[in-house]
Amino acid sequence: MRIDACFDSHVHWAATGEFSQRLRLDGLKSAADIARLTPEAHHYRGEWLLGFGWDDNGWSERPHRRVLDTWMPERPVALSRCDGHSLWLNSEALKRAGLSKSSSDPQGGRLERDHDGELTGVVLDQAAEEVEKHIPAISPFEMRRYLLKAMQIFNEAGFTHIRDMTCDERQWNEAMRLDQSGVLTLAVEEYFWLKLVSDLDAQLELCERARKEQTNNLRVMGLKLFLDGALGSEGAWLSRCYHGSDNKGLILWEKPALTETLRRAWEKGLHVAIHAIGDEAADYVMNIAHELKAAGHEGALDIEHAELVRPETIEKMKGMNVRCHLQPSHWLSDQRWLQQKIGDLTAHAFPWRRLQEQAIPFDFGSDAPIEPASLARTFQALRDSAEAGIPRLLGSPASYMGHSDLSWAPNSFTLLQDEKPKQVVFRGEHIL
């Protein structure tokens with residue numbers, strides 16, 4: 001099989017390189033298992049120990065700072081959950097972030113507490129973002145190293161084109177230097193991460209500058225924002241409560257701020273990509289888009305993940321400039337607890353067949369580093385999900401794995417054997 005302009009439509013470029021260097025936690029079977037791990041020098045940034053990959057679904061106990069305090073009491077520890085939406089912190093990290101029992105949940109975030117009202121050390125979404133501000137920033141040299149490492153990961157996985165969802169000014173500057181030096185073997189669509197509406201002016205100015213500077217392999221597309229959290233950490237915004245709780249998830253953007261962002265970005269001719277995993281999040285976005293269209297404002301809207309989308313929400317996508325970006329491999333990670341967490345909302349999960357039937361355009365991606373960048377996992381997930389009752393995709397999955405603009409980085413293609421890359425060519429040069 002040949003895929004021209006082989007495309008991963010949703011990745012975090014720098015994080016894919018960086019997280020490959022963090023302490024790996026995906027093998028933990030319980031919180032206590034952390035005691036078996038021995039960090040190495042490259043797992044630290046400054047004094048902070050950083051790790052990635054723990055998944056408490058299936059653990060007999062919730063993660064708690066006390067476990068980390070016993071393991072590493074003196075240095076701050078920040079361990080990212082496998083979905084990237086939660087941090088597990090020790091007491092020293094909480095102290096440095098200024099968090100205590102009296103701290104309140106921020107808008108769009110949550111500080112988990114135990115039965116005594118004490119912080120457990122697990123912080124979600126916007127609360128995790130507040131902690132990240134206290135971790136030393138990546139240097140320009142480290143940024144270049146992470147971008148090159150991720151480029152190698154994507155190329156070896158068969159990708160010649162990627163769509164990067166969390167770019168910032170520092171990353172843009174280093175990516176440009178890489179391409180100007182002739183070492184970049186990826187065609188990259190860049191979306192600049194807008195964290196707060198108060199940053200909108202600055203991010204729009206950055207997009208304007210970057211569009212003037214873009215190189216042969218770097219394209220500026222627009223802004224990216226997170227509307228809700230993830231299903232695994234119960235932050236995705238649902239239309240009903242997660243099983244056994246009074247929690248429907250988190251909403252990180254209020255309607256006036258999201259409306260203003262869409263309107264002003266569209267006025268600049270920019271795409272707006274919105275992380276919307278829960279069914280209520282996707283419906284909320286589409287309602288705002290329709291209100292804006294009625295007022296004479298319309299532009300390109302990308303729905304990221306779209307893991308749960310109700311039929312009436314898909315209906316609202318018709319006639320709109322909407323494209324969905326789905327990651328089938330999330331099925332492989334989420335299937336074991338999906339029904340338990342969201343019950344009959346599972347009927348709306350992974351809606352690629354329904355999108356096909358309603359002629360709503362979409363692409364497939366991996367969400368690397370949250371899932372491995374892997375064509376084989378996408379093929380496997382589509383087969384396995386169909387066997388489990390998810391409506392089967394019609395036609396070849398490869399139709400959703402290639403970039404639509406074959407004139408961008410021409411003569412770039414991937415040959416697959418047994419669904420794995422056998423040969424990768426970028427701009428006529430063999431890179432695998």
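The values are calculated or read from the model by the stated rules, or taken from the named source; none is laboratory data. On a predicted model such as this, the values are computed, not experimentally measured, just so you know. We place every Cβ from the backbone using ideal geometry, glycine too, and count neighbours over all the protein chains shown.
Here are some notes:
- Hey, I390 in a loop (DSSP other than H, G, I, E, B) and more than 30 Å from G51 (Cα to Cα) or not: yes
- One residue stands out among those in the range 166-194 that are assigned to a strand (DSSP E or B) and not hydroxyl-bearing (S, T, Y): the one that is farthest from the chain's Cα centre (by Cα), which is A187.
- Residue that is farthest from A35 (Cα to Cα), among those in the range 61-114 that are of a type in the set (G, A, S) and in a helix (DSSP H, G or I): A93
- Any helices (runs of 4 or more DSSP H) falling wholly within the range 195-305 and containing at least 2 residues that are more than 22 Å from G319 (Cβ to Cβ), aliphatic (A, V, I, L, M) and out of contact with any Lys or Arg (no Cβ under 6 Å at 6 or more places or on another chain): 200-213
- Being touching a strand residue (DSSP E or B) at 6+ places or on another chain (Cβ under 6 Å) and of a type outside the set (S, T, Y) is a condition met by no residue of the range 138-152.
- Among the candidates L308, L332, L292, the residue that is among the aliphatic types (A, V, I, L, M), touching a strand residue (DSSP E or B) at 6+ places or on another chain (Cβ under 8 Å) and either modelled with pLDDT of 95 or more or outside the structural domain of I370 (by TED's automatic domain parsing) (or both) is uniquely L308.
- Matching option when the condition is among the aliphatic types (A, V, I, L, M), touching a helix residue (DSSP H, G or I) at 6+ places or on another chain (Cβ under 7 Å) and surrounded by 14 or more Cβ atoms within 10 Å (Cβ to Cβ), among A398, A349, A376: A349
- Breaking point among (1) over 25 Å from the mean Cα position of the chain (by Cα); (2) farther than 18 Å from V131 by Cβ; (3) modelled with pLDDT of 95 or more, for R65: (2)
- Qualifying residues in the range 311-357 (those that are of a type in the set (G, A, S) and at positive phi) - the one farthest from the chain's Cα centre (by Cα): G319
- Subset of the range 58-83 [crowded, with 21+ Cβ neighbours inside 10 Å and not β-branched (V, I, T)]: P63, R65, L68, P76, A78, L79, S80, R81, C82, D83
- Count - residues of the range 306-317 that are surrounded by fewer than 24 Cβ atoms within 10 Å (Cβ to Cβ) and not in a helix (DSSP H, G or I): 1
- The single residue among L94, L79, L87, L23 that is over 27 Å from F154 (Cβ atoms), of a type in the set (A, V, I, L, M) and at pLDDT 95 or above turns out to be L94.
- Tally, over the range 216-255, of residues that are surrounded by 24 or more Cβ atoms within 10 Å (Cβ to Cβ), of a type in the set (D, E, K, R) and closer than 16 Å to I288 by Cβ: 1
- Sub-6 Å Cβ pairs linking a first residue in the range 30-43 that is outside the structural domain of T70 (by TED's automatic domain parsing) to a second residue that is part of a helix (DSSP H, G or I), at least 6 apart or interchain, are A31/V67; I34/W71; A35/W71, ordered by first then second residue.
- Subset of the range 58-75 [closer than 23 Å to S20 by Cβ, touching a helix residue (DSSP H, G or I) at 6+ places or on another chain (Cβ under 6 Å) and touching a residue at least 40 places away in the same chain (Cβ under 8 Å)]: P63
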